[in-house]
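The values are calculated or read from the model by the stated rules, or taken from the named source; none is laboratory data. Quantities reported herein were computed from a predicted structural model and do not represent experimental measurements. All Cβ positions, glycine included, derive from the backbone under ideal geometry; neighbour counts span all protein chains shown.
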Amino acid sequence: MSHQTELGEDASGMSRRRMSAARAAGRRARAKAASGLIARAVERKTADVDVRRVPRQARGAATFNAILDATARLLDQAGPEVITTNLVAEVAGVNIATLYQYFPSKESILLALFQRDTDARIRLADEMLAGLGESADWRAQIGGVIDELVRRRRLQRGAGPLRRAMRSSPELQAYDRDTMVRSARTLAAELVKRGRADAARAEVVGLCIAEMTTALLDLWALGYAGGMGYQDDRIIEEFKAMVAGYLAPLLDP
């Protein structure tokens, strides 16, 4: 092979490498640009799920809650897929312009309903879990919390479809995750008090319990084709046993 041929092949190889590097750089630039577009889109979507204003007067609060109650009924009857702002306004008996004074989108109504129900549940669970780290009968205390969550879930209209909407909607997923973290905090703090887990592990355990609670309540609320029926309390008893077994090494004397 001549020296000229070798130089030509070297030049060709360098050219291919430069082209490959340029294509890779182009892909990275496009990915970065796409990432920025996605982030900006998520920001816009997040802004669209915030409530425009929370009413201060009794009349406005009644309208606000009537909209949320109508949404819960629609979730129960038809699921989140069929809900529109016009349909919610019709079922709530309010003008669509009135609805838009409070809610910019369907997602904002679903989020407000979710927050109304879960904020009350988290406050109650936090109160009932207080002192767990020093409790001699922690199993009964945990069992009482689970029983109260079941009672509230039994009364909550549209809970299952609402949970499905929170987890499937890109606009709402971050709020659902935040709720799980908030649900885990009090239990994690009580585990740290007991002295068997550091803060990092206690946080993970609390989050696992929060996720287990949600999943098992969903199973209880929906029933199971294999034989366990709708609101079958055998599921709740098994859930209590699961939680007790999981927490025993961290809470038993």
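Summary table
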read-out	value
Members of segment 52-103 that are free of Cβ contacts under 8 Å to residues at least 60 places away in the same chain and not in a helix (DSSP H, G or I)	ARG52, ARG53, VAL54, PRO55, ARG56, GLN57, ILE83, THR84, GLY93, VAL94, ASN95, PHE103
Evaluation of PHE114 against (1) touching a helix residue (DSSP H, G or I) at 6+ places or on another chain (Cβ under 6 Å); (2) surrounded by fewer than 20 Cβ atoms within 10 Å (Cβ to Cβ); (3) in the same structural domain as ALA165 (by TED's automatic domain parsing) (one fails), failing number	(2)
Selection count, segment 232-250, where residues are touching a helix residue (DSSP H, G or I) at 6+ places or on another chain (Cβ under 6 Å) and farther than 28 Å from VAL204 by Cβ	0
Residue that is of a type outside the set (Lys, Arg) and either at pLDDT 95 or above or not assigned by TED's automatic domain parsing to the domain that holds TRP220 (or both), where the choices are MET166, MET128	MET128
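Listed here are the residues, each with its yes/no results for (1) outside any helix (DSSP H, G or I); (2) closer than 29 Å to VAL51 by Cβ; (3) not assigned by TED's automatic domain parsing to the domain that holds LEU129.
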residue	(1), (2), (3)
GLY144	no, no, no
ARG157	yes, yes, no
THR186	no, yes, no
LEU191	no, no, no
VAL205	no, no, no
CYS208	no, no, no
GLU211	no, yes, no
LEU217	no, yes, no
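For every residue, the table says whether it meets (1) over 22 Å from the mean Cα position of the chain (by Cα); (2) more than 21 Å from THR179 (Cβ to Cβ); (3) basic (Lys, Arg).
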site: VAL51; (1), (2), (3): no, no, no
site: ARG56; (1), (2), (3): yes, yes, yes
site: ALA62; (1), (2), (3): yes, yes, no
site: VAL82; (1), (2), (3): no, yes, no
site: GLU90; (1), (2), (3): yes, yes, no
site: LEU110; (1), (2), (3): no, no, no
site: ARG123; (1), (2), (3): no, no, yes
site: GLY131; (1), (2), (3): yes, yes, no
site: TRP138; (1), (2), (3): yes, yes, no
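For (1) more than 24 Å from ALA174 (Cα to Cα); (2) modelled with pLDDT of 55 or more; (3) surrounded by 10 or more Cβ atoms within 10 Å (Cβ to Cβ), each residue gets a yes or a no:
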position	(1), (2), (3)
GLU9	yes, no, yes
ARG30	yes, no, yes
ILE38	no, no, yes
ARG52	no, yes, yes
